[in-house]
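The values are calculated or read from the model by the stated rules, or taken from the named source; none is laboratory data. Quick caveat: nothing in here was measured; it's all calculated off a predicted structure. Here Cβ is always computed from backbone atoms with ideal geometry, including for glycine, and neighbour counts include all displayed protein chains.
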Amino acid sequence: MPSQNAHQRKGHRRRGGRPFFRLNTEVLWDRLDLLDRSQNWLAREIGVSPAYVSKLVNGRRSPSGRIRRRMLRALGVTDSEDLFRTEDKHEPH
């Protein structure tokens with residue numbers, strides 16, 4: 001079994017008790033529909049791959065603070081609690 005230091009050397013990070021931010025997909029789809037934009041547009045607008053946005057939509061990734069701010073700005077949402085729910089659990093692998 002690899003030691004914690006071996007994992008850190010390989011780029012693995014421990015998530016600790018970090019909150020998991022889950023995207024509110026209902027709000028996301030409503031905003032994209034209102035703006036007449038696509039999920040691919042959102043990916044380009046916030047500077048990530050379409051695959052990453054798909055992982056956010058499917059709850060497989062938790063966006064960083066920077067990505068959350070970019071999403072709020074791109075979608076014209078002022079309250080982050082409208083677009084994201086905070087869960088007190090580890091990010092899934």
Fill in the blank from the handout: The one condition ARG14 fails out of (1) out of contact with any strand residue (DSSP E or B) (no Cβ under 8 Å at 6 or more places or on another chain); (2) on the phi < 0 side of the Ramachandran plot; (3) of a type outside the set (A, V, I, L, M); (4) at pLDDT 95 or above is (4)
Exercise for the section: Find the residue count for segment 34-93, including only residues that are in contact (Cβ under 8 Å) with a residue 40 or more places away in the chain, assigned to a helix (DSSP H, G or I) and closer than 13 Å to PHE20 by Cβ. Expected result: 1
Practice task
Filter segment 66-91 down to residues that are loosely packed, with under 13 Cβ neighbours inside 10 Å and closer than 16 Å to LEU42 by Cα, then give me how many there are.
Solution key: 3
Handout entry: Total residues in segment 50-74, condition among the aliphatic types (A, V, I, L, M) and farther than 17 Å from TRP29 by Cα
Key = 1
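Does THR78 fit the bill of being among the β-branched types (Val, Ile, Thr), under 17 Å from ASN24 (Cβ atoms) and touching a Pro at 6+ places or on another chain (Cβ under 7 Å)?
Numbers: among the β-branched types (Val, Ile, Thr): yes; under 17 Å from ASN24 (Cβ atoms): yes; touching a Pro at 6+ places or on another chain (Cβ under 7 Å): no.
No; evaluated as a whole, the condition is false for this residue.
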